[in-house]
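A.B. asks: My structure is below; once you've seen it, I'll send some questions.
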Amino acid sequence: MSLKCAVELGIPDAIHSYGKPMPLSQLITSLKIPQSKSSFVHRLMRILVHSNFFTTTKVTNSDHELEVGYVLTDSSMLLLKDNPLNLIRYLFIQLDPFVMKPWHQMSTWFKNNDDTTSLFETEYGITVWDYARQEPKFNEFFNDAMGSDARLVSKLLLDDKCKGVFEGLQSLVDVGGGTGTVAKAIAKSFPQLECTVLDLPHVVAGLEGTDNLRYIGGDMFQAIPPSNAILLKWILHNWNDEECLKILRNCKEALRMSKGEGSKVIVIDMVMGDEKRDHESVETQLFFDMMVMVYLTGKQRNKEEWAKLIFSAGFSNYKIIPILGLRSLIEIYP
C-alpha cells in the first residue's frame, strides 16, 4: 500500500524528471501536498528504500546543506508512467479493495468442505472470469493489468535468448491471449507466422487483427483452433490439475490437426523449487502461489508436478528453459 501511495503521488516520476539524486526537500515541494503532511514523506520513503524501490545518497540542497537524496532503482523504473513497460496497472489491480477483500476470509475458506471453489468465488458467489464478463469496467481493468505484464514478457520473449523458439513455425495460437499484446509482438517479429488469439468472446469483442494476426472468441476447454504451435502464457497456473489436463489435451488435438512441422506447446509459467533462485525471487513465487489459491483454482508447480501434468496429457517430452526471471519457458512436444 505504501508503494501504491508513492505511485499515485507521482514520486517515481518526480525523481526521474529531476534527473539526478533528488533532495527530500525538493521532493516534498514537487508533490504539492499540504505543509502539514510534509513531515510524513520521509517515513513513506524510508520503507520504500528498505524495500529496494529507491536508494539514497547525500546531496547538497538549495541552501547548501547536506540532506538525503533519492534515486530510482530497476524496480521503480517499472513504475514510471512514460515507461512503455511499466507495471502500474498490474500493481493497482492487485491492491484494489474489491480484489483484496477475499484475502480477509481465508480462514473461513479453509474451514469449508468445498475444494473446487476459489476464495474469490466463495466471497462473491461468482468466478473472476464470470465477473469480468458481467462487469465491463473490471474486464477493462483486468485486461489492462495483464497487458502491462505481457508487454514486459514480450520484450524478454523476443530477445536473442528466446527468439529461436518461434523460428520455423508456420502458425501459432495464443490461448487466453487477452487483447493480444504478446501475439502482436510475435506477429510483428515474424511476419510469415500466422498468429491467432483465442480468448472468451467478451475479451476479444471488437478487436481488429492485421495481415498475420486474427482474433477468435471461444473457450479453450471446448476446442483450440488447429495450429503448428500453441502458446500458453500464464494460463495453466490459473487452473487445477484436472482443468489443466483438459486444456493440454485440447492443445494436443489442435497440434494433431495441424499440418505444420515442429509442432509444440510453448508454456510461460513459474517452475517452483529452483534452489538457484535468491530468497526474494522464491518469496515472490510463493506469494504468486497464494494469489492463485485465493482468486482461482490453480497453483504454481514444481518440475515434478509439471512433468506429471505433461505426460498425463499424452505428450512425449518437454524442456524447461529458466530464462524469464521468476518464470520459465517450457517447450512441450507431442
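A.B. asks: Taking helices (runs of 4 or more DSSP H) that fall entirely within the stretch 75-153, which contain at least 1 residues that are farther than 24 Å from ASP241 by Cα and of a type in the set (A, V, I, L, M)?
C.D. replies: 88-94, 97-100
A.B. asks: The conditions are (1) under 23 Å from LYS264 (Cβ atoms); (2) among the basic types (Lys, Arg); (3) surrounded by fewer than 20 Cβ atoms within 10 Å (Cβ to Cβ), and ARG151 fails exactly one of them. Which is it?
C.D. replies: In the conditions (1) under 23 Å from LYS264 (Cβ atoms); (2) among the basic types (Lys, Arg); (3) surrounded by fewer than 20 Cβ atoms within 10 Å (Cβ to Cβ), ARG151 misses (1) alone.
A.B. asks: Here's something else I'd like to know. Given the options VAL294, VAL265, name the one that is surrounded by 17 or more Cβ atoms within 10 Å (Cβ to Cβ), on the phi < 0 side of the Ramachandran plot and modelled with pLDDT under 95.
C.D. replies: Unique residue meeting the criteria: VAL294.
A.B. asks: Which members of the stretch 152-179 meet the condition of being within 15 Å of the chain's Cα centre (by Cα) and over 17 Å from LEU329 (Cβ atoms)?
C.D. replies: Across the stretch 152-179, the qualifying residues are GLY178, THR179.
A.B. asks: Pick from the stretch 187-245 the residues that are among the small types (Gly, Ala, Ser) and crowded, with 21+ Cβ neighbours inside 10 Å: which of them is nearest to VAL267 (Cα to Cα)?
C.D. replies: ALA229
A.B. asks: Which residues, counting only those in the stretch 55-104, are in contact with a Ser or Thr (Cβ under 7 Å, 6 or more places away or on another chain) and free of Cβ contacts under 8 Å to residues at least 40 places away in the same chain?
C.D. replies: THR55, ASN61, LEU66, THR73
A.B. asks: Which one of these is over 21 Å from LEU248 (Cα atoms), in contact with a helix residue (DSSP H, G or I) (Cβ under 6 Å, 6 or more places away or on another chain) and touching a residue at least 24 places away in the same chain (Cβ under 8 Å): ALA187, ALA132?
C.D. replies: ALA132
A.B. asks: I'd like to check something: does the stretch 283-290 contain any residue that is β-branched (Val, Ile, Thr) and surrounded by fewer than 17 Cβ atoms within 10 Å (Cβ to Cβ)?
C.D. replies: yes
A.B. asks: Working only within the stretch 198-223, note down all residues that are closer than 26 Å to LEU158 by Cβ and either part of a helix (DSSP H, G or I) or among the hydroxyl-bearing types (Ser, Thr, Tyr) (or both).
C.D. replies: VAL203, VAL204, THR210, TYR215
A.B. asks: Assuming MET22 fulfils every condition listed in (1) of a type outside the set (Ser, Thr, Tyr); (2) surrounded by fewer than 16 Cβ atoms within 10 Å (Cβ to Cβ); (3) out of contact with any Leu (no Cβ under 6 Å at 6 or more places or on another chain) apart from one, which condition is it?
C.D. replies: (2)
A.B. asks: Also, I was wondering about something else. Only residues that are under 19 Å from THR29 (Cα atoms) and not hydrophobic (A, V, I, L, M, F, W, C): list them for the stretch 58-95, please.
C.D. replies: LYS58, THR60, ASN61, SER62, ASP63, HIS64, GLU65, GLU67, GLY69, TYR70
A.B. asks: Select, from ASN113, ASN139, ASN228, the only residue that is more than 23 Å from ILE330 (Cα to Cα) and touching a residue at least 12 places away in the same chain (Cβ under 8 Å).
C.D. replies: ASN139
A.B. asks: Go through the stretch 111-148 and report how many residues are of a type in the set (A, V, I, L, M) and surrounded by fewer than 16 Cβ atoms within 10 Å (Cβ to Cβ).
C.D. replies: 1
The values are calculated or read from the model by the stated rules, or taken from the named source; none is laboratory data. Keep in mind it's a predicted model, so treat the numbers as computed, not measured. Don't worry about glycine lacking a Cβ; one is built from the backbone with ideal geometry, like all the others, and counts go over all protein chains shown.
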